[in-house]
Amino acid sequence: MNNTRNKILLLLLAGVAFGCSYTPGKQWMVLKTVSKEWKKMNQKELRSGISYLYRLNFIDKKQYSNNSAKIFLTKKGKLAALNNLLINIKGKNWTWDKKWRMVAFDIPEKYRKGRNALRQKLKKVGFCELQKSVLITPYDCEKEIKELVKFFELEKYVRFGVLILVDNESTLKKFFRIT
């Protein structure tokens, strides 16, 4: 998918970030950032990108009687936007802050599909599996992981932690190629 389409998906996903912001200051920061990014986009590319995402069923729109419309992400679109976010966890100019991020979960069997999807997605973006339900990474990704967990509707069963000490750190450093 091209850059404009990815940006549209991520900007629409920012609406979810706005909803997750607990303080007015954070909400204002999200609004300011999103507004600036929308204005930077080429109008022709924006229309073309929205049209394409609509055909893929990544976005939908609701038309109002006053001739305005609301564009929003479908479930398929949210997953695509989250994939874009997760792929970007490993920043290009990334330096390790000597902290490990851990995701642990105890998801009931009746939510097996969500559990397996979550595990698969975490491993795909570079988490290392310590146990079946405990995965770890050196990358700062709390926001992205919380969005992913919310997408799969598993907030009740998943915990995120930041660790400063892991007893097998040398093995993990080799896995993540950290010097």
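Miscellaneous remarks
- For the chain, the longest principal axis of the alpha carbon atoms and the long axis of helix 3-20 meet at an angle near 80°.
- Neighbour-limited loop hits for trypsin sites (Lys or Arg not before Pro), segment 64-115 (at most 15 other Cβ within 10 Å; DSSP other than H, G, I, E, B): Lys90, Lys92, Lys98, Lys99
- For the residues Asn168, Asn83, Asn66, a GNM of the chain with alpha-carbon springs under 10 Å puts the largest fluctuation on Asn66.
- Cross-linked pairs Lys39/Lys123; Lys7/Lys90; Lys76/Lys99; Lys40/Lys75; Lys44/Lys76; Lys32/Lys70: Cα-Cα separations exceed 29 Å for Lys39/Lys123; Lys76/Lys99.
- For the chain, the convex hull drawn through the C-alpha positions has a volume of 157 cubic angstrom per residue.
- Distances between every pair of Cα atoms in segment 91-176, grouped in 10 Å steps from 0 to the bin holding the largest one, split as 16, 53, 26, 5, 0 percent.
- Degrees between helix 142-151 axis and first principal axis of the chain (Cα, 0 to 90, nearest 10): 70
- As a calculated quantity, the FRET efficiency between Asn3 and Arg47 at R0 = 22 Å, using C-beta atoms, amounts to about 0.90.
- Ranked by the mean number of other Cβ atoms within 10 Å per residue, highest first, peptides 143-155, 44-56 order as 143-155, 44-56.
- One chain, two ends: Trp28 and Lys98. Fully extended at 0.36 nm per residue, the span grows by 22.1 nm beyond their Cα-Cα distance.
- Degrees separating the helix 24-40 axis from the principal Cα axis of the chain, which is the longest one: 60
- Compared with the direct C-alpha span, the chain from Lys62 to Phe175 gains 36.0 nm at full extension, assuming 0.36 nm per residue.
- Computed [θ] at 222 nm, deg cm²/dmol, the chain (DSSP H ≥ 4; -39,500 (n - 2.57); rounded to nearest 500): -16500 deg cm²/dmol
Any read-out appearing in this document is the output of simple, stated calculations on the displayed coordinates, not a laboratory observation. Bear in mind the structure is a predicted one, so any value in this text is a computation, not a measurement. Quick reminder, even Gly has a Cβ in these numbers, built from the backbone with ideal geometry, and neighbours come from all protein chains shown.
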